[in-house]
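Asker: For reference, the structure I am asking about is given below.
The values are calculated or read from the model by the stated rules, or taken from the named source; none is laboratory data. It should be emphasised that the depicted structure is a prediction, and the values quoted were computed from it without experimental measurement. Ideal geometry is used to build each Cβ from the backbone, glycine not excepted, and the neighbour counts take in all protein chains shown. Ligands, DNA and RNA are excluded from the accessible area calculation, which covers all protein heavy atoms including side chains. Shrake-Rupley method; radii C 1.70, N 1.55, O 1.52, S 1.80 Å.
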Amino acid sequence: MTSVAVTLAEWAAGLEPDREDLELAHRSLLDTVAVTLAARDHRVTRLAAELPEGARWAVAGHVLDFDDLHMPSTTHVSVVCVPTALATSGGARAYLAAAGVMARLGTALGWRHYSAGWHATCTAGAPAAAAGAAVALGLPAERIAAAMALAVPAAGGVQRAFGTDAKSLQVGFAVEAGIRAARLAAAGAQADPAALDAWLGLVGGDPAAVDPSGPAVPNGLAIKLYPCCYALQRPISALAELSALSGLSADPAAVRRIVLRTPEATVVPLIRHRPDSGLQGKFSLEYAAAAALLDEYAGFGSFTDEAVRRDEARRLVSLVETKLEPGGDWLLDGELEAEVYIADGTVLRTRQQYPPGSPARPPTADQLAAKLADCVVGLALLTRDGDPASWTWDNAATTLRRYLP
């Protein structure tokens, strides 16, 4: 059987993006650059200042957990692949090559890999960054395969890092390793492509699941409308809609009990049950429910240390009861069902399968524009390159260098 690395390398080398591929690449560029700039003053972004620029941009792009997600692979594709393409001047084609490799490799790793505790964005991300950087460098398929094999030692990362500085930093490390591997391959470094197959088997993947057919990024990408773990997009959306429709947002103090029913697969990354920081709040189902009921919009202000530590937020967190249904194999499995019990005896109910921003409910032009504007508040007033409408694959790296020196 042909090596997975060879299969993916030949696909990447021969990639000819069509219009829909390029439209996805452009949206991914805008979304990723925006969420990266939104973190320009974040403490973790400053900690990453000594990393090479591709890695530094990936850290900043991931630390707010506002970047997109490929649902079948449970990987944050663009926060790896956009910085890789920009740092190597590879443009949309390099991005799509990296993104396509990452989506396919992550899908081959599968839900078993993710649910075992691996951070698939890093495990699939390092070889994918190597492939994208190798395409940017103009390497042939044989050298792209070597680059992916050279990136195997960096294909790690675990979910226990979620809610800490390490989550975004390990994504940066994956990008750094991938770019380094591509440059070594360009310089003539040798590696056995079968190393990628061996690694894939060791971490629970299925080489037979790698399918190079279809669009560049099979199944598209989910865009987040809330700056937190993707597993929280559905509960926040459902409870926020319920709160607005019922008028509950005017008096969250009346809430006496919150019951959430969801398949157990949908809460795998939600490991922070009593969060005490903004980063931990991004991985807490209990806090997400509180923020959805307390805040008009669960945006950046909802995920600060101060917001998570609000007395009323902690009270609501303590009222959440989670009823998990066995099984599931992705973050949007089944439906979320919510019941909110009010002091006067009223019980408010809602349910949701697909949140806005998911491939089944793509973000509207207005929703995406509002997100981008939120991310660059203050920048567009200073210079034209702070305006998302001005960003292209040719100038986005210059914009990032300006604001994340």
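Asker: Inside the stretch 328-380, can you point out the residues that are acidic (D, E), surrounded by fewer than 16 Cβ atoms within 10 Å (Cβ to Cβ) and in contact (Cβ under 8 Å) with a residue 40 or more places away in the chain?
Answerer: So the first thing to find is which residues in the stretch 328-380 are acidic (D, E), and the list is 329, 333, 335, 337, 339, 344, 366, 374.
This time we only want the ones that are surrounded by fewer than 16 Cβ atoms within 10 Å (Cβ to Cβ), so: 329, 344, 366.
D329, D344 - these are the residues of the stretch 328-380 that are acidic (D, E), surrounded by fewer than 16 Cβ atoms within 10 Å (Cβ to Cβ) and in contact (Cβ under 8 Å) with a residue 40 or more places away in the chain.
Asker: Collect the residues in the stretch 114-158 that are farther than 21 Å from F66 by Cβ, part of a loop (DSSP other than H, G, I, E, B) and either hydrophobic (A, V, I, L, M, F, W, C) or open to solvent by less than 10 Å² (accessible area, probe 1.4 Å) (or both), keeping them in residue-number order.
Answerer: A116, L137, L139, A151, A155
For (1) modelled with pLDDT of 95 or more; (2) within 25 Å of R180 (Cα to Cα), each residue gets a yes or a no:
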residue: S3; (1), (2): no, yes
residue: D21; (1), (2): yes, no
residue: V44; (1), (2): yes, yes
residue: A60; (1), (2): yes, yes
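Asker: Let me ask something additional. Any residue at all in the stretch 239-255 that is at pLDDT below 95, over 21 Å from T364 (Cα atoms) and charged (D, E, K, R)?
Answerer: Yes; the residues of the stretch 239-255 include at least one that is at pLDDT below 95, over 21 Å from T364 (Cα atoms) and charged (D, E, K, R).
Asker: Which of the residues spanning the stretch 298-327 are in contact (Cβ under 8 Å) with a residue 60 or more places away in the chain and surrounded by fewer than 19 Cβ atoms within 10 Å (Cβ to Cβ)?
Answerer: Residues satisfying the conditions are G299, F300, E312, L319, E321, T322, K323, L324, E325, P326, G327.
Asker: Name the residue that is nearest to R27 (Cα to Cα), counting only residues in the stretch 381-394 that are without any contact (Cβ under 8 Å) to a residue 60 or more places away in the chain and more than 23 Å from the chain's Cα centre (by Cα).
Answerer: S390
Asker: Going by the conditions given, is V267 more than 25 Å from the chain's Cα centre (by Cα) and either open to solvent by less than 60 Å² (accessible area, probe 1.4 Å) or β-branched (V, I, T) (or both)?
Answerer: No; evaluated as a whole, the condition is false for this residue.
Asker: If a residue counts only when it is surrounded by fewer than 18 Cβ atoms within 10 Å (Cβ to Cβ) and in contact (Cβ under 8 Å) with a residue 60 or more places away in the chain, which helices (runs of 4 or more DSSP H) contained entirely in the stretch 159-259 have at least 2 such residues?
Answerer: Answer list for the stretch 159-259: 233-246.
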